[in-house]
Amino acid sequence: MKTILPSLLRFVMPALLACLTLAPVASASDYDGSVWLTSAAQAPNGGTWVQLQTGVETGKTEARGGAPVYESVNEPGTIVAVPGKAGYWVVGKRGSIHARGGARELCGGHLQNCTNFPFEPEDWEFVTFAAATPDGQGLWALGRRGQVWTVGTATPYGDAIERYDLTATAIVPTPSGNGYYILKNDGGVHARGDAVFFGSTGGSFKKHYTGLVLSYTAAGLVNGYWMLNQDGGVTTYGDAAFLGSTGGNTENVTSLFPLDQGTRYAWIKRNGEIGISGSYRRGAVTTNTGGTTRLWTLQGNLDYPGAELHALPAGAGRTDGWIFWPVKRAGAIVYQLRNEHNGLCIELKGYDIAQGACQANVEGSQQTQAFALEFSGSYFYLVVPDWPRLVISALPGETRLKLVDRALVSPNLIYRWQVLEPTTISAADSGALLQAEASSSGQKWLVAPVTDAPNAPVRFIDAASGLCAEAQNGRSSYRLQLTACDGASSAQAFLLQETGPGVVRISPVAGSLSAAPSSVSPGAVEFVPEAQGSPWRLAASSGR
């Protein structure tokens, strides 16, 4: 059997804006001459709500991936998640407004009660999309011709009414709520209020465009957008990074919506099938240079500007995730590194590395937050773009990260980095999760190679606590436990051996045992003779 390490260490195209409130949108498709609504929105817990149109006048609401379940809305409509709330609105094509969960009631349940929306709308007056205000207290409803109706705290910034043969297919507000973008099915984009125009198809009408999602900088500024074609193709405008699509070989793709606070997007087909793009590089930043697994760890006032950044052994502090946010500088892609927990970016303080408010502009010689990635196999150096000899590392015998001149330090002492994405690990046959005893359900792991050698053993680091998994001998069997990380412990090192596509066996490096869900203690993991071990599946790639 071959190890899965090379596939775990694959690099994914860079694709959460931790502190920015995204106003979720819904979008639809002009299908065979009649508007067909199927839309989706992400719930706060990472699940998805779907409003599925099942017929010309029928529909239903589905909650997927653990999203809270509320009463279904059984009519065609677009679903709009409420920012900061576990709830949503479904806006029916004839103007009904259904509030679910934490969504406030609006207009007594119908647009006609608080706007000039007609009591008996014609086909060209049907609501095709809707978007929430950033404060979650109102919404914009979009009509088929480009009319905009406002509810609650939403402010009107103008319609986009053109020819009768054009259908408005998405409305997306700016982060301030002081403007919005309207997409037409010919690919025309209409910027209103403080919305900045980044381009469009020019209304070519060669394809039908059905969805729009905004791209942001680490500082929360709109820097472009992704536009969805009905065939599943995605086009980028401005500085939006292409993160993937169906390849333009799919039919009836009706909506595009943001995921994970803006680090990626997803599309949904008329039948409710969802596809997800790639993501910005994100996760815990780690190195094993020198033989010890170290993680980026904040010291001092953790969630305030000025906190120092150190490389400490796993378990020595809070395990934070970082987003490598792409931004252009002098025409080249560089990265601002944003903390997922507090929304701050790493920056230079002289030669030291600390965190500060994310800069809106990284152009010019005075910028202190833009870094380039120089790859070395499955790892990378973090380089100052204008001075490539300077990299982020630590001096021998120290833990604080700073700029180090590669010409003055031995190459084997310069830290090479890797990003570990937290992942759940489940048994391929039963779905039981790999969890240490006494751990909460849904435990996520950082799968960290012990060395940077090919096919190296790995450590399982609990993403919440920073503690390491260990195969410990109990009264009757070896069990998976959490304990302080010990780089010299063979009981904390595991081999991943591929047994099928995306499926592995997990075995301690010492002995001939293999992990399996416990047959006597539900929720526990025990180590059994290798032939009896279970195959396991990682939900996410571990190394980027």
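Quick note: the coordinates plus some simple rules give every number you see, no bench work behind them. In this text, all values refer to a predicted model and were calculated from it rather than measured experimentally. Please note: Cβ atoms are built from the backbone with ideal geometry, for glycine as well, and neighbour counts cover all protein chains shown.
Using the Cα centre as the reference, give the magnitude of the dipole from point charges on the C-beta atoms of the stretch 29-276 (Lys, Arg: +1; Asp, Glu: -1; all else neutral), rounded to the nearest 20 debye. Don't skip to the end; give the middle numbers.
Numbers: 17 positive and 22 negative charges, 73 e Å.
The dipole of the stretch 29-276 has a size of about 340 debye.
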(request) Please work out how many pairs of lysine residues in the chain are eight or more positions apart (or on different chains) and have Cα atoms closer than 15 angstrom. (result) 5
(request) May I ask you to order 458-464, 219-225 by the average number of other C-beta atoms within 10 Å around their residues, highest value first? (result) 458-464, 219-225
(request) Compute the FRET efficiency between A464 and R389 as 1/(1 + (r/R0)^6), taking r as their Cβ-Cβ distance and R0 = 51 Å, and round to the nearest 0.05. (result) 0.85
(message) Quick check: from the Cα gyration tensor, does the stretch 189-253 come out rounded (a/c under 1.5), prolate or oblate?
(response) oblate
(request) Could you calculate the FRET efficiency of N271 with F119 from 1/(1 + (r/R0)^6), where r is the beta carbon distance between them and R0 is 22 Å, rounded to 0.05? (result) 0.10
(request) Multiply the residue gap between T399 and D165 by 0.36 nm, knock off their C-alpha separation, and tell me the result in nm, one decimal place. (result) 77.9 nm
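Just the number: Rg to Rh for the stretch 29-276, Cα atoms, Kirkwood Rh, two decimals.
Details: Rg = 16.1 Å, Rh = 17.5 Å.
Using only Cα positions, Rg/Rh for the stretch 29-276 is 0.92.
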(message) Going 7 Å from the Cα of A438 along its beta-carbon direction, which residues of the stretch 500-526 have the amide nitrogen within less than 18 Å of the resulting point?
(response) 521-526
(message) Using a 7 Å offset from the Cα along the Cα-to-Cβ direction at both E374 and T499, what is the distance between the two label points in nm, to one decimal?
(response) 4.3 nm
(message) If I compute mean projected area of the Cα convex hull in nm² from the structure I just sent, which labelled value in (1) 22.8; (2) 26.0; (3) 34.9 lines up?
(response) (2)
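Order 391-398, 403-410 from most to least packed using the mean count of other Cβ atoms within 10 Å.
Numbers: 391-398: 17.0, 403-410: 13.1.
Descending packing order for the listed peptides: 391-398, 403-410.
Taking the number of other C-beta atoms within 10 Å as the exposure measure, put L37, L496 in order starting with the fewest.
Values: L37 29, L496 22.
Result, fewest neighbours first: L496, L37.
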(request) With a point put 7 Å past each Cα toward its Cβ, work out how far A99 is from Q366 in nm, to one decimal. (result) 4.7 nm
(request) May I ask you to sort W49, W417 by Cβ crowding, counting other Cβ atoms within 10 Å and putting the fewest first? (result) W417, W49
(message) Give me the one-decimal nm value for the distance between modelled label points at Q532 and A484, 7 Å along each residue's Cα-to-Cβ direction.
(response) 3.4 nm
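So if we plug the beta-carbon distance of T155 and N473 into 1/(1 + (r/R0)^6) with R0 = 41 Å, what FRET efficiency do we get, rounded to 0.05?
Details: r = 66 Å, r/R0 = 1.60.
About 0.05, to the nearest 0.05.
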(message) Which one, H310, V234, V91, is farthest towards the positive end of the dipole of the chain when Lys and Arg carry +1 and Asp and Glu -1 on their Cβ?
(response) H310
